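> Structure incoming, see below.
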Amino acid sequence: MRVLILGVGNVMFADEGVGVHFVKMIENNFKFNSKEHSLKFVDGGTLANHLTPIMADSDYLIVVDCIDADDGQIGDVYFFDFEDMPKSIKWSGSAHEIEMLQTIEMMDLVGDRPQTKIIGVIPRRIVPMSFELSDEIKKSTNLMEKIILKELSNLGFSYERIDDKSVQDMADEWKKEQF
């Protein structure tokens, strides 16, 4: 099985980039092994529908992105199967050009969508040209890490920690590389 971990978000808008930074953090901090499956990490940025060929080439997709939820609090983490998305979840108000939800729905319509799980977190702020993540988002990545490691373990991956970078470290590295 080909497993894709896709981080989505606009890294230049503070918390809005947590999906991208989180996926980079997991990729840098862990070494994954499986005799049966392959694992790929992708920074999807704000490309949304341009990612469909990459997403369609996988059998199992985990999308990490910002969401909104009725009665949700900043930093709340949600993990759900796309087919069972809670009605309280919304993917609105982000800094994406086209929402990831719309892209996944389009893939579903044409039959190209792999089995899809979502790790969503409610952001504190969407601030242009800021790479500083909120304290709530930084804390939420502990739970997000536990969720993704458990899910990958359930799929048959083993892992070992090889580094201990934080999500803010990843944001800082991205900024340093670009500017």
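> Conditions: (1) touching a Leu at 6+ places or on another chain (Cβ under 6 Å); (2) touching a residue at least 40 places away in the same chain (Cβ under 8 Å). SER166 meets all but one. Number of the miss?
In the conditions (1) touching a Leu at 6+ places or on another chain (Cβ under 6 Å); (2) touching a residue at least 40 places away in the same chain (Cβ under 8 Å), SER166 misses (1) alone.
> Also, I was wondering about something else. Residues in segment 1-14 that are open to solvent by less than 10 Å² (accessible area, probe 1.4 Å) and at pLDDT 95 or above: how many?
5
> Among the numbered criteria (1) open to solvent by less than 50 Å² (accessible area, probe 1.4 Å); (2) touching a residue at least 60 places away in the same chain (Cβ under 8 Å), which one does ILE118 miss?
The failed condition is (2).
> Looking at segment 99-113, I want the residues that are in contact (Cβ under 8 Å) with a residue 40 or more places away in the chain and have a partner that is surrounded by fewer than 13 Cβ atoms within 10 Å (Cβ to Cβ) and assigned to a loop (DSSP other than H, G, I, E, B) with Cβ atoms under 8 Å, at least 6 apart or on another chain. Which pairs are those?
Pairs that qualify, where the first residue is in contact (Cβ under 8 Å) with a residue 40 or more places away in the chain and the partner is surrounded by fewer than 13 Cβ atoms within 10 Å (Cβ to Cβ) and assigned to a loop (DSSP other than H, G, I, E, B), are GLU99/SER92.
> Scanning for something open to solvent by 40 Å² or more (accessible area, probe 1.4 Å), at pLDDT 90 or above and assigned to a loop (DSSP other than H, G, I, E, B), does segment 138-145 turn up at least one residue?
No, the conditions are met nowhere in segment 138-145.
> From the residues in segment 84-102 that are surrounded by 17 or more Cβ atoms within 10 Å (Cβ to Cβ), assigned to a loop (DSSP other than H, G, I, E, B) and among the aliphatic types (A, V, I, L, M), which one is modelled with the highest pLDDT?
So, considering only residues that are surrounded by 17 or more Cβ atoms within 10 Å (Cβ to Cβ), assigned to a loop (DSSP other than H, G, I, E, B) and among the aliphatic types (A, V, I, L, M), the one modelled with the highest pLDDT is MET85.
> Here is a follow-up. What pairs come up if the first residue lies in segment 25-52 and is over 15 Å from VAL3 (Cα atoms) and free of Cβ contacts under 8 Å to residues at least 24 places away in the same chain, the second is of a type in the set (Gly, Ala, Ser) and open to solvent by 30 Å² or more (accessible area, probe 1.4 Å), and their beta carbons are under 9 Å apart, counting only those six or more places apart or on different chains?
none
The values are calculated or read from the model by the stated rules, or taken from the named source; none is laboratory data. Keep in mind that this is a model prediction, so the values were computed, not measured. Neighbour counts run over all protein chains shown; Cβ positions are idealised from the backbone, glycine included. Just the protein is used for accessible areas: all its heavy atoms, side chains included, with ligands, DNA and RNA removed. Shrake-Rupley method; radii C 1.70, N 1.55, O 1.52, S 1.80 Å.
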